[in-house]
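Reviewing the structure listed below.
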Amino acid sequence: VLLDQRGTGLSTPVSAENLRKISEDPEEQAQYLANFRQDSIVRDAEAIREALGAQKISLLGQSFGGFCILTYLSLFPESIDKAIFTVGLAPVGKHVDQVYR
């Protein structure tokens with residue numbers, strides 16, 4: 001199962017225009033944006049795991065996905081079988097094209 005996290009994929013994207021549709025009040029906009037934090041994304045994934053009846057799941061995360069995995073491990077460690085992190089390589093001293101060739 002591949003989760004389109006809140007604000008990505010087929011989910012409603014976050015944009016200045018969409019925020020104005022919700023409210024012109026910055027406090028209300030900030031409250032809305034709080035729904036896109038990693039803890040909300042993790043709770044969405046946990047709800048999917050429960051709905052599927054899976055006892056444990058394996059996770060793969062890169063960049064922000066890895067940050068979400070850390071949150072998942074903090075909130076629901078009993079739900080995780082494997083946690084796999086991938087990271088990009090910093091092009092230290094080389095052009096990025098040389099590193100990712």
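Using a 1.4 Å probe over the heavy atoms of the protein chains, calculate the carbon and sulfur portion of the accessible area of the chain as a whole percent. Carbon-and-sulfur percentage of accessible area, whole number: 56.
Of the listed residues Asp44, Asp4, the order by accessible area with a 1.4 Å probe, largest first, is Asp4, Asp44. Per residue, the solvent-accessible area of the chain (1.4 Å probe, heavy atoms of protein chains only, all protein chains present) comes to 73 Å². Over the chain, the alpha carbon radius of gyration divided by the compact-protein estimate 2.2 N^0.38 Å works out to 1.34.
The trypsin sites (Lys or Arg not before Pro) of the range 1-64 that meet both conditions, a loop assignment by DSSP and at most 11 other Cβ atoms within 10 Å of the site Cβ, are Lys56. Shown are Val14, Val87, whose ranking by accessible area with a 1.4 Å probe and every protein chain present, most to least, is Val87, Val14.
The values are calculated or read from the model by the stated rules, or taken from the named source; none is laboratory data. Remember, it's a predicted structure, so these values are computed and weren't measured experimentally. Backbone-built Cβ (ideal geometry, glycine too); neighbour counts: all protein chains shown. Areas reflect the complete protein model, heavy atoms only, side chains present, ligands, DNA and RNA absent. Shrake-Rupley method; radii C 1.70, N 1.55, O 1.52, S 1.80 Å.
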